[in-house]
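Okay, so here's the structure we're looking at.
The values are calculated or read from the model by the stated rules, or taken from the named source; none is laboratory data. The structure presented is a predicted model; accordingly, all values stated were derived computationally and were not measured. Cβ placement follows ideal geometry from the backbone for every residue including glycine, while neighbour counts extend to all protein chains displayed. The area values use the complete protein model at the heavy-atom level, side chains included, leaving out ligands, DNA and RNA. Shrake-Rupley method; radii C 1.70, N 1.55, O 1.52, S 1.80 Å.
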Amino acid sequence: MSELAAGFLGTVALFAGRDEGGLAEVAAMLRRRTIARGEVVWNQGDDARELLIVVDGALSASLQVPGDRVVEIGTAGPGDTVGEIGLLDGGPHTMSVRAVDATTVLALGRVELAALLAPQDAAAFGLRRRLAALLTARHRNQLARLSDSLGGEPSGPSAGDADRAFAELERCGPPDSRYVRRMATFHDLDSLALWGFLTSGSYARCQRGRTLVAEGAPSTACYLTINGAVEQVLARGGRRIRVGLAGPGKAFGYESLVDGGPSPVTAVTRERALLLVLPHDRFTQLFHGEDAVSRVFLDVIQRELVATLRQTLRPHARLAASL
Amino acid sequence: MCRILAYLGEPLPVQHLLYDTDNSLVRQSYRPRMMNTFLNLAGFGMKAWDPASLRPDDPFSYRATTLPSFDRNLRFLAAKVAPTCLVAHVRGVTYSDEAVVAETNLHPFHFPGARVVLAHNGHLREFRRMRYALVEHVRPELAQRIEGTTDSEWIYALVLSQLDDPFGLPETGELADAVAAALRILRTLRVERGIATSSPVNLCVSSGRNLVATRFSFDYGWYPPEDEMLETDLPYVSLWYAVGGEYGEAGDGWTMTGDDPPRSVIIASEPLTVDHSGWLEVPEYSMLTAELTAAGLEFETRDLDV
């Protein structure tokens, strides 16, 4: 099974770039399972114990919404993975998963995933980056579905608005470290490396109502809210829905820096804000670095993406329930 | 952090809301699942309107500083009363010798003769710096009814003061406007005094026929140094709702049945069930309005920008 799995794993995006030994290491951790057509793999709200890699067949993910209604969110085919959100944040599964056809999967447990992510070596850093890319792609898919539900053309602020807001940021000193350490986002992170991360960018104040990221344009920087709040919105025609709120300890504007695509949402300061600003080049250094500071940074991005994916399901549910 | 609960719709036994579900309001007092930095042990209060009761415009009233989980009187009452509207609250205060645990500080607030009640989940930081500036915005006949020491009771008096008739029965639109106007006054007074720290104001306001709720915070994300409430307030104070036909036990859990138009709504700081799938999170900076009409429940969510 291990040789067969290792061969297949070479085609799975999550493990792309891993050498033969690395693939064999992963393959030895996997359990192969066959799921009958129509079988429920897990229900929304169940404890997350494993992620599944689809070998053949297909799985569908659905969201239960009020009124006993179910909304199909997406399907996963060969090479795709499902179930990583709960595995990464320790929360329950966000959606129910069912086999569309007779499906073969490889299951990777929580402990095994943690073991793959734990080392401070190239393979673990690579996996962290690919997880970030995978979760970003999933976030984009969720937002695209939301946009489709809204209909109409994007009608938010322009890239010029974001450039102006970036130019008008009022540079300032760092926040009190005792305050920053109390944020849940930074709990459990190595103190010295965290400080390295928090001093790797610059700090700036921004007035309320400024557009820092424009949907459809690349982001100038990745931001981390230290104080205040930044709302992430989709605007279509006359409709505007908030898909996230980046309060203290939350990052935004990173999607286009992770995968090179356009920003999937617009980010506007809802409150005046104090921000950690990581311009494109600094983001790239941290994202592709392989030291303790980069590890903290990748942890922060991963936590942010997982939280964002959970949060983005809420407007999905509200929209579905209102239809 | 306190917990609020409001219900408007088909007659519903109070015990379903307070006791029966696996994350009922009473459970949230001693085992909160969200905002769980301290327990809510400073008392319980409720107002419940039953059209079949004597003087149906006057709600059943109950409040006690005892723990609701051990309050047999409340359990007996909850099993007997099936209101069409309810506002309930469990109070949480910091473990501090400055906290005043007293009946006069229990929500929902309800001045004698008034038709509107209010419960609050949140707190106005630095309230002492603005308390007496509020006097000029509160009608004298209401100011003299303030009995307790909370910021919430002042918010109540301020909301009532924005109504054409503070002792009348307001339409839903007027009540919503009064709540927004009260928040604007608070905003102005805060700005004048340079108060710019996070102050959550999740409100449930009701006349028994309609309901207005807010999920809102002034200056969210800004905190004073060495703040003892920081961990509580770093996340935006939560508020959820379930809207549909009627709330009841079905299969292995409690759920709001689907119905269009809806006939009932529950608004609560936390979902009343551990399984959240039947609940929707109220967006931050929002106001909800609900009104019982002959055609069903009119329900609306809107952005609240004050």
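Descriptive notes on the structure:
- Model label sites at B:Asp58 and A:Asp68, defined 7 Å from Cα along the beta-carbon direction, differ in position by 4.1 nm.
- 16 Å tail of the calculated P(r), the stretch A:140-208, as % of Cα pairs: 68 percent
- Rounded to the nearest 10 Å², the accessible area of A:Ile241 at probe 1.4 Å: 30 Å²
- Contact surface B-A: accessible area buried, both sides summed, square angstrom, 1.4 angstrom probe: 2500 Å²
- For B:Asp260, solvent-accessible area (1.4 Å; no DNA, RNA or ligand), Å²: 140 Å²
- 0 to 90° range, to nearest 10: angle between helix B:172-193 axis and chain B longest Cα axis: 30 degrees
- For the pair B:Ala294 and A:Asp47, a Förster radius of 60 Å applied to the C-beta separation gives a FRET efficiency near 0.85, rounded to the nearest 0.05.
- Between A:Ala13 and B:Asp252, the FRET efficiency from the beta-carbon distance, with R0 = 35 Å, is close to 0.35.
- Figure note: B:Tyr62, B:Tyr236 ranked by solvent-accessible area, largest first, 1.4 Å probe, ligands and nucleic acids not counted: B:Tyr62, B:Tyr236.
- For chain B, the Kirkwood estimate of hydrodynamic radius, built from reciprocal distances between every pair of different alpha carbons, is 19.2 Å.
- Zone residues, the stretch A:222-242, relative to A:Ser177, backbone N less than 19 Å from point 7 Å out along Cα-to-Cβ: A:226-227
- Considering only alpha-carbon pairs that sit under 8 angstrom and 6 or more positions apart, the relative contact order computed for the stretch B:193-306 is 25 percent.
- Mean projection area, nm², convex hull over Cα of the stretch B:128-187: 4.0 nm²
- Taken per residue, the accessible surface of the stretch A:129-265 reaches 40 Å², heavy atoms only and a 1.4 Å probe.
- Which of B:Glu153, B:Glu136 is most accessible, then next, and so on - probe 1.4 Å: B:Glu136, B:Glu153
- Across peptide A:225-231, the average count of Cβ atoms from other chains found within 10 Å of a residue's Cβ is 4.
- All Cα-Cα distances of the stretch B:66-114, cut into 10 Å bins from zero to the largest, leave 17, 45, 31, 7 percent in each bin in turn.
- Counting only the Cα atoms, the protein assembly as shown fills a convex hull of 154 Å³ per residue.
- Chain lengthening between A:Arg205 and A:Ala167 when straightened (0.36 nm per residue, less Cα-Cα): 12.5 nm
- For B:273-282, mean number of other protein chain Cβ atoms within 10 Å: 5
- Whether the stretch A:112-168 is rounded, prolate or oblate, judged on the alpha carbon gyration tensor where a/c under 1.5 counts as rounded: oblate
- Chain A: angle of helix A:122-150 to the longest principal axis, Cα-based, in degrees nearest 10: 80 degrees
- Chain B, relative contact order in percent, only Cα pairs under 8 angstrom and at least six apart counted: 21 percent
- Rg/Rg_globular for the stretch A:193-323, with Rg_globular taken as 2.2 N^0.38 Å and Rg from C-alpha atoms: 1.05
- Volume per residue of the convex hull around the Cα atoms, evaluated for the stretch A:9-90, comes out as 110 Å³.
- Degrees, to the nearest 10: A:292-322 long Cα axis against longest axis of chain A: 80 degrees
- Across every pair of non-identical alpha carbons in chain A, the mean reciprocal distance, once inverted, gives a Kirkwood radius of 20.6 Å.
- Kirkwood-type radius of the stretch A:276-323, with distances r between different C-alpha atoms, in Å: 12.7 Å
- Protein-only accessible surface order, largest first, of B:Lys47, A:Lys250, B:Lys80 at 1.4 Å: B:Lys80, A:Lys250, B:Lys47
- The relative contact order of chain A comes to 18 percent, based on Cα pairs under 8 Å that sit 6 or more residues apart.
- Taking only protein heavy atoms and a 1.4 Å probe, the accessible area of the stretch B:183-246 is 53% carbon and sulfur.
- Inter-site label distance for B:Asn73 and B:Asp260 at 7 Å from Cα along Cβ, in nm: 4.7 nm
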